[in-house]
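**Q** Got a structure here, written out as structure tokens. Questions coming.
The values are calculated or read from the model by the stated rules, or taken from the named source; none is laboratory data. Quantities reported herein were computed from a predicted structural model and do not represent experimental measurements. Cβ atoms come from the backbone with ideal geometry, glycine included; neighbour counts cover every protein chain shown.
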Amino acid sequence: MPIISPSLLSCDFANIQSEVEMINASDADWFHVDVMDGSFVPNLSFGLPTVKAVSKHAKKPLDVHLMIVEPDKYITHFADAGANYLTVHYEACNHLHRTIQAIKDAGMKAGVALNPHTPVSVLSEILADLDLVLIMSVNPGFGGQTFIKAAIEKVSRLKKLIQDKGSNALIEVDGGVNLQTGAELLAAGADALVAGSFVFKADDPKKTIKDLKAL
């Protein structure tokens with residue numbers, strides 16, 4: 001069964017505790033928390049205080065996705081705030097291997113995200129060190145965008161590369177995930193699905209999560 005990681009970017013910020021409790025009570029596996037700095041992506045979102053507040057109430061792992069420049073400066077801070085998985089962008093790291101080691105040294109699982117235009121081949125030399133690869137199936141920065149279909153073939157290529165390298169990295173996909181795209185991504189080799197608008201704008205978010213989990 002797939003790992004389902006609802007994205008809090010699409011939740012009701014004014015009622016975030018009740019949204020966290022809803023996820024706790026659902027079939028979801030992780031909480032996906034997007035951190036944006038207004039520089040790497042053209043939007044601002046959660047920062048360290050929000051991650052820390054969510055972690056106090058969350059009963060499931062925090063899957064924190066950093067869409068920020070110079071992520072190395074904040075690695076230990078996110079570990080202290082309660083992150084279990086910390087994913088940085090390939091495009092934001094000059095010394096990716098060093099960054100991944102720093103994440104692991106801080107006691108977290110390490111992930112790398114790829115923007116839609118970045119080929120999976122760039123991870124060839126570091127896949128063995130990764131716990132997770134996050135494929136962006138929209139351009140990062142905003143929720144509710146249209147799914148980029150090329151992500152399905154990209155997942156297939158990544159799956160083959162992971163197998164060739166003997167890596168245990170999970171493949172996670174974020175952006176435009178619903179029951180149809182989710183099924184296609186899982187068939188291509190994805191392990192984890194991030195769903196934001198599709199979950200939080202649903203009439204029954206818990207049922208929607210259950211339906212995704214059943215794919």
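**Q** Taking segment 117-128 on its own, how many of its residues are surrounded by fewer than 18 Cβ atoms within 10 Å (Cβ to Cβ) and out of contact with any Phe, Trp or Tyr (no Cβ under 8 Å at 6 or more places or on another chain)?
**A** As a first pass, look at segment 117-128 and keep what is surrounded by fewer than 18 Cβ atoms within 10 Å (Cβ to Cβ): 117-119, 121-122, 124-125, 128.
Those left that are additionally out of contact with any Phe, Trp or Tyr (no Cβ under 8 Å at 6 or more places or on another chain): 117, 119, 121, 124-125, 128.
Of the residues in segment 117-128, 6 are surrounded by fewer than 18 Cβ atoms within 10 Å (Cβ to Cβ) and out of contact with any Phe, Trp or Tyr (no Cβ under 8 Å at 6 or more places or on another chain).
**Q** Only residues in segment 203-214 that are more than 18 Å from residue 172 (Cα to Cα) count as the first member; pair them with residues that are of a type outside the set (Phe, Trp, Tyr) and assigned to a helix (DSSP H, G or I), Cβ under 6 angstrom, at least 6 apart or cross-chain, and list the lot.
**A** Within 6 Å, the pairs are 205/199; 208/199.
**Q** Let me ask another. Provide a single number: the residues in segment 101-117 that are among the hydrophobic types (A, V, I, L, M, F, W, C), farther than 18 Å from residue 32 by Cβ and part of a helix (DSSP H, G or I).
**A** 1
**Q** Quick one: would you say residue 111 is crowded, with 22+ Cβ neighbours inside 10 Å, within 17 Å of residue 173 (Cβ to Cβ), in contact (Cβ under 8 Å) with a residue 60 or more places away in the chain and of a type outside the set (Lys, Arg)?
**A** Here the answer is yes, as residue 111 does meet what is asked.
**Q** Out of all the residues in segment 168-183, is one or more farther than 20 Å from residue 92 by Cβ, over 16 Å from the mean Cα position of the chain (by Cα) and among the hydrophobic types (A, V, I, L, M, F, W, C)?
**A** There is at least one residue in segment 168-183 that is farther than 20 Å from residue 92 by Cβ, over 16 Å from the mean Cα position of the chain (by Cα) and among the hydrophobic types (A, V, I, L, M, F, W, C).
**Q** Can I ask one more? Examine segment 176-189 for a residue that is among the hydroxyl-bearing types (Ser, Thr, Tyr), touching a residue at least 60 places away in the same chain (Cβ under 8 Å) and under 28 Å from residue 18 (Cβ atoms), and state whether such a residue exists.
**A** No, the conditions are met nowhere in segment 176-189.
**Q** Of all the residues that make up segment 134-180, how many are in contact with a helix residue (DSSP H, G or I) (Cβ under 8 Å, 6 or more places away or on another chain) and either closer than 24 Å to residue 202 by Cβ or of a type in the set (Val, Ile, Thr) (or both)?
**A** Number of matching residues: 16.
**Q** Next up: Please work out which one of (1) within 15 Å of the chain's Cα centre (by Cα); (2) of a type in the set (A, V, I, L, M, F, W, C); (3) loosely packed, with under 15 Cβ neighbours inside 10 Å is the condition residue 88 fails and give its number.
**A** So the condition that residue 88 fails would be (3).
**Q** Of the numbered conditions (1) buried (at least 24 other Cβ atoms within 10 Å of the Cβ); (2) more than 19 Å from the chain's Cα centre (by Cα), residue 204 fails exactly one; give the number of that condition.
**A** For residue 204, the failing item is (1).
**Q** Hey, residue 4 hits all of (1) on the phi > 0 side of the Ramachandran plot; (2) under 13 Å from the mean Cα position of the chain (by Cα) but one; which does it fall short on?
**A** The number of the failed condition is (1).
**Q** Tell me the residue from 202, 190 that is under 22 Å from residue 85 (Cα atoms) and at pLDDT 95 or above, please.
**A** 190
**Q** I would also like to ask the following. Say whether the condition of being in contact (Cβ under 8 Å) with a residue 60 or more places away in the chain and touching a Pro at 6+ places or on another chain (Cβ under 9 Å) is met by at least one residue in segment 141-157. Steps first, answer last, please.
**A** If we filter segment 141-157 for residues that are in contact (Cβ under 8 Å) with a residue 60 or more places away in the chain, which is where we start, we get 141-144.
Filter again for touching a Pro at 6+ places or on another chain (Cβ under 9 Å), leaving 141-142.
Yes; the residues of segment 141-157 include at least one that is in contact (Cβ under 8 Å) with a residue 60 or more places away in the chain and touching a Pro at 6+ places or on another chain (Cβ under 9 Å).
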